[in-house]
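The values are calculated or read from the model by the stated rules, or taken from the named source; none is laboratory data. Computed from a prediction, not measured in an experiment: that's the story for all the values here. Neighbour counts are summed over all protein chains in view; Cβ atoms, including those assigned to glycine, are modelled from backbone coordinates with ideal geometry. Accessible surface areas use protein heavy atoms only, side chains included; no ligands, DNA or RNA. Shrake-Rupley method; radii C 1.70, N 1.55, O 1.52, S 1.80 Å.
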Amino acid sequence: MGSSLDDALQQDSPAQEEGLTLATEHGMARVYEVDPLRDPRWQNLLQQHPDASIFHHVEWLRALHRTYGYEPVVFTASPPNSDLESGLLFCRIRSWVTGNRIVSLPFSDHCAPLGEPDEKFESLLRHLHAARAGQTWKYVELRPVSESFAEVAQGLGFEPAAKYFLHRVDLEPAVEEIFKRLNEDSVRRRIHHAERVGVVDVCGSSEVLLRDFYQLLVRTRARHNLPPQPYAWFRNLLDGMGSAADLRIAYMEQIPVAAVLILHFKDKSYYKYGCSDERFHHFGSIPFLLWRAILNAKSIGSKTFDLGRTAVDQHGLLKFKSHWATECELATYWKFPPGPSIGLLRGWKLSVVKRVCAYTPDRLLRIAGTLLYPHIG
C-alpha cells in the first residue's frame, strides 16, 4: 500500500513542529499543516479575513467530520508560533467507492483561499502537487469565488471542473426598497397571497421542527429522484451552529408545507437548504419563507443574503433566483489532475441514480442517502 497525503505530511513530529520544506521555482517554501477543529488560530483568522465564509466556519467543518468522517486540514505558510496570515482549507475524503481525494470543500457552495494569489499561494499548491504524486489521492479540487486565482491554478495544471452562478441579495437598502426590487408577479404577489391565506412561519431548532423539515426534504428529494442527506447532518449542523442557524418552517393550518435552513456568519446570511410539499405550492409558502428569512437577516445586521450556487444548466432555478437577486457572479471549480470527475452523483452516474430512486420508497431513500453521501462529497 502506498502512503497517503497525510502520511507524507505526518511522517514524524519534528517535521510537524518545524514545517515541511519544498523546493519551488521561487525558492524554498515551508508548508505547515493546521487542524482547524483544534487550533484557535483558525477561528481568529476567520474573524479577520474578509473572504471567510460560513463554509470556513469551525462548526461547519465539525458537522462534516461528525457526519461523514471527512478530515479538515489547513495548509499554510505561517509557522506554528505565529498568527495565521493565510490558509488553504481542504477535507480529506477517503472512499472505497469513489476514491480518495482532497476537496476544498465538500458539500460547500464555495471555499475561497484565505490569502492572495501570490508566491505563497502557488507554493501551497505546488506542495499539494508533490504530496499527491504517486500517492492514493485521485485529485485535488478548489472552489474559489474570485477568478483572480484562475491564472495561478491554470499555470499549475488545474483545469475547470464545474461552473456555477452565485446569486446574492443586497440587504443594505431599506426594507421597502429591498421588497420593491423583488419580481412583482413571481415574488411579491405570492408573498402577499401567503399572508392573506394564513401561512405562518415558526423558527427554532427543536426535534419537532427538524422532523418536519426532514419530512419535507425527503419529499422534495424524492420528487427530483434523489436520496436525501442524512438526518444526522442537519442535527449536527443545528447543534453546532446554535444561533447561527435559522431553521424556518411554514405551516398552513398546522400542516408543514415548506421549510428553509439559513446560516449566518459575520455580516452575511446564507440560504443553504429549501424544501416543500408540492401540494401546497399555490399558497406561495417558499417566497413567503424566504422573505421572512431576509427580514430576519437584515434585522441581525447582515448586509448580504447569499442564495447559494446554481449550475449553469439549471435554467429553472436560475430564473427563480433572478427574481430575488440584484447580484450574480460566476464561480469556477478547479481540479488537478485534469479529467472527468469521479463523483458518484455527477454525469452519467447521476442519471443511473435517478432511475433507481424513481422507484424507491421514501424509507429506503433515507437509508440510501445515509449510505451514499459519505462517498460523494
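Taking (1) without any contact (Cβ under 8 Å) to a residue 60 or more places away in the chain; (2) open to solvent by less than 20 Å² (accessible area, probe 1.4 Å) in turn, Cys275 satisfies each apart from (1).
For Ser108, the conditions (1) closer than 23 Å to Trp137 by Cα; (2) of a type in the set (S, T, N, Q); (3) open to solvent by less than 20 Å² (accessible area, probe 1.4 Å); (4) more than 16 Å from the chain's Cα centre (by Cα) are fulfilled apart from (4). The residue that is modelled with the lowest pLDDT, among those in the stretch 342-365 that are in a helix (DSSP H, G or I) and in contact with a Pro (Cβ under 8 Å, 6 or more places away or on another chain), is Val353. Please work out which one of (1) open to solvent by less than 40 Å² (accessible area, probe 1.4 Å); (2) part of a strand (DSSP E or B); (3) not small (Gly, Ala, Ser) is the condition Lys163 fails and give its number. Every condition holds for Lys163 apart from (1).
Which condition breaks for Ser53 when tested against (1) open to solvent by less than 50 Å² (accessible area, probe 1.4 Å); (2) out of contact with any helix residue (DSSP H, G or I) (no Cβ under 7 Å at 6 or more places or on another chain); (3) at pLDDT below 90; (4) of a type in the set (Gly, Ala, Ser)? Exception for Ser53: condition (3).
As for the stretch 229-237, it holds at least one residue that is touching a residue at least 60 places away in the same chain (Cβ under 8 Å) and open to solvent by 40 Å² or more (accessible area, probe 1.4 Å).
Evaluating Ala368 against the criteria (1) of a type in the set (Gly, Ala, Ser); (2) at pLDDT 80 or above; (3) touching a Phe, Trp or Tyr at 6+ places or on another chain (Cβ under 9 Å) leaves one unmet condition, (3). The set of residues from the stretch 82-133 being of a type in the set (D, E, K, R) and over 20 Å from Gln48 (Cβ atoms) comprises Arg92, Arg94, Arg101, Asp109, Glu119, Glu122, Arg126, Arg132. Where strands (runs of 3 or more DSSP E) sit wholly within the stretch 250-320, those with at least 3 residues that are within 18 Å of Arg223 (Cα to Cα) and of a type outside the set (Asp, Glu) occupy 255-265, 268-276.
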